[in-house]
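Shown next, in structure tokens, is the structure this report addresses.
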Amino acid sequence: MQVMDMLGPSLWDVWNNNSHSWVSAQYLMSVEMVACIGIEAISILEKMHSKGYVHGDVKPENFLLGPPGTPDEKKLFLVDLGLATKWKDNGTGQHVEYDQRPDIFRGTVRYASVHAHLGRTGSRRDDLESLAYTLIFLLRGRLPWQGYQGENKGFLVCKKKMATSPESLCGICPQPFRHFVEYVVNLKFDEEPNYAKCISLFDGIVGPNPDVRPINTDGAQKLIYQVGQKRGRLIADENDDEQPKKKIRMGMPATQWISVYNARRPMKQRYHYNVADNRLLQHIQKGNEDGLFISSVASSSNLWALIMDAGTGFTSQVYELSHHFLHKEWIMEQWERNFYITALAGANNGSSLVIMSRGTQYAQQSYKVSDSFPFKWINKKWKEGFYVTAMATAGSRWAVVMSRNAGFSAQVVELDFLYPSEGIHMRWDNGYRITATAATWDQAAFILSVPRRKPTDETQETLRTSAFPSQHVKVASPSSLFLFEIVFPPANQSFYRTNGPRTSTLLPFAMEGRCPEARFSEQDILINKRWFDDKRWGILNEAQNFANLLTRN
């Protein structure tokens, strides 16, 4: 006999019965009952977390009440530890290391945290996020992401969760539920939740007498007592100087510029952008005449951006502008001639620009084009000694290039619907640096690598700004920070690339992420007048000032 057989109905059973006999015009369960469930469930999770484990599958079906007609009939139990994992090492007490495996999902799609959908290592925050979705479901009877079907159901549900703000999710629910959602979705990976604070959010909803509450909350009362109790209410620590913390996840993707700065030795470099198909040849030929080769390319609004520099180490280069994404026959022909793909970009209309070079360190190369990010293929190629060296997108399609002898000793992927700030910072702490990035209109991928040869200066920084970062560049210019690359993004997301003595790889989400050094002189600044005249961006003056700024030596 299983433990579950010895207990009473699950919260799902209780909810399902109530759904046929409406408790109120607005809610399937009374607000007080759901608040009591929240209070006691938080207490249960705190006890489990204190033992070093996370449950991994918090949902109504896994919360059971005691047997009917017994003293425990109003007591809440958490069952089914099949997906439980450790969040800390019992010996050292250290938190488990962060990782992301986009091909692995653990939990139940409807209630899983966004981080679980994205394949991130489970931690305490995930149980609390799942509990938040459980409470809203019990109260409202439905979650916004229900109803998706098909093989990509998990992807669509995750994207919907990311796009649903706490205000929208909670709707007419009392404010404590929204506050709880806001708190848990913004917890950091290794952050210790303030369980008592979470419990206190619901304390004002439930009745003052615990004996008559619809759910027994004795466990939670003990937790509250540990941090101070006064007439059943949590006392805030008078010395609590906690500042409002920065949200790590917003409800909707914000248009933002992302700059990535690398400390590198400066060198001559030239860029062109808003280049039409019929203008590519003249720019490339002129650069080649000056001893420059293309180091990266990008596309925006079906126009192209080129970065050319003298420090690539390439000895010769070829390119193809094709209506195919990608043109397999041409690429294979160039492989036969010992050229390797060193940069590529895709346009919204499905065309592609592929750059192949001689003089690279690569020994072998492979690429894949797919309708979704091909992590399983990448993982397979990693085991064969390949590393991602270039990426691009065209519409919703991905192209990933992997090479042998790429100069990396390790590599990971950060995949998200927004800029994965927390994941990138954790990777930095472990010696990884951003080496490539690409995105469709709704998903971004970052490749982070550990170089075999440790650079003299490993500095890499990112900057996010809601508007074009002209003020940042003006501040940075006295310390020789120059714009390296810029592309206007499709849809909601954007990156740009800057470079200089502290080089930066500033890329639109669709920009291939290489980070060569750069220093600009006046003759190397080519400004496309059409770009500045495009009043849609409302930055004509800022852009012109910025162009003038760049022309200084």
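The values are calculated or read from the model by the stated rules, or taken from the named source; none is laboratory data. Small disclaimer: the values here were computed from a predicted structure and weren't measured. Ideal geometry is used to build each Cβ from the backbone, glycine not excepted, and the neighbour counts take in all protein chains shown. For the accessible areas, the whole protein counts, side chains as well, though only heavy atoms, and no ligand, DNA or RNA atoms are used. Shrake-Rupley method; radii C 1.70, N 1.55, O 1.52, S 1.80 Å.
Tabulated data
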| read-out | value |
| --- | --- |
| Test: residue in region 69-82 that is of a type in the set (Gly, Ala, Ser) and in a loop (DSSP other than H, G, I, E, B) | yes |
| Residue in region 260-277 that is assigned to a helix (DSSP H, G or I) and modelled with pLDDT of 60 or more present | yes |
| Exclusive hit being small (Gly, Ala, Ser), touching a residue at least 24 places away in the same chain (Cβ under 8 Å) and on the phi < 0 side of the Ramachandran plot, set 82, 91 | 82 |
| Residues of region 316-347 satisfying the condition of being over 20 Å from residue 437 (Cβ atoms) and part of a loop (DSSP other than H, G, I, E, B) | 323, 324, 327, 337, 338, 339 |
| Scan of region 418-445 for residues that are in contact with a strand residue (DSSP E or B) (Cβ under 7 Å, 6 or more places away or on another chain) and either modelled with pLDDT of 90 or more or farther than 22 Å from residue 297 by Cα (or both), ordered by number | 420, 423, 424, 427, 428, 431, 432, 433 |
| Hey, residue 313 in a loop (DSSP other than H, G, I, E, B) and either touching a residue at least 12 places away in the same chain (Cβ under 8 Å) or assigned by the TED database to the domain that holds residue 393 (or both) or not | yes |
| Test: residue 153 is charged (D, E, K, R), surrounded by fewer than 21 Cβ atoms within 10 Å (Cβ to Cβ) and over 21 Å from residue 184 (Cα atoms) | yes |
| Residues satisfying the stated conditions in region 197-210, i.e. in a helix (DSSP H, G or I) and open to solvent by 10 Å² or more (accessible area, probe 1.4 Å) | 197, 200, 201, 210 |
| Test: residue in region 413-428 that is touching a residue at least 40 places away in the same chain (Cβ under 8 Å) and within 30 Å of residue 338 (Cβ to Cβ) | yes |
| Matching residues in region 47-86 - criterion: being surrounded by 14 or more Cβ atoms within 10 Å (Cβ to Cβ) and hydrophobic (A, V, I, L, M, F, W, C) | 48, 54, 58, 63, 64, 65, 76, 77, 78, 79, 83, 84 |
| Conditions (1) modelled with pLDDT of 95 or more; (2) within 24 Å of residue 51 (Cα to Cα); (3) open to solvent by 20 Å² or more (accessible area, probe 1.4 Å): number failed by residue 131 | (3) |
| Any hit, region 58-79, residues being hydroxyl-bearing (Ser, Thr, Tyr), in contact with a Phe, Trp or Tyr (Cβ under 8 Å, 6 or more places away or on another chain) and at pLDDT 90 or above | no |
| Residue count, region 433-460 (criterion: among the hydroxyl-bearing types (Ser, Thr, Tyr) and not in a loop (DSSP other than H, G, I, E, B)) | 3 |
| Restricting region 1-20 to residues that are open to solvent by less than 70 Å² (accessible area, probe 1.4 Å) and assigned to a helix (DSSP H, G or I), the residue that is modelled with the highest pLDDT | 11 |
| Residue count for region 389-412, restricted to those that are in contact (Cβ under 8 Å) with a residue 60 or more places away in the chain and open to solvent by less than 20 Å² (accessible area, probe 1.4 Å) | 9 |
| Criterion (buried (at least 16 other Cβ atoms within 10 Å of the Cβ) and among the basic types (Lys, Arg)) met by exactly one of 110, 142 | 110 |
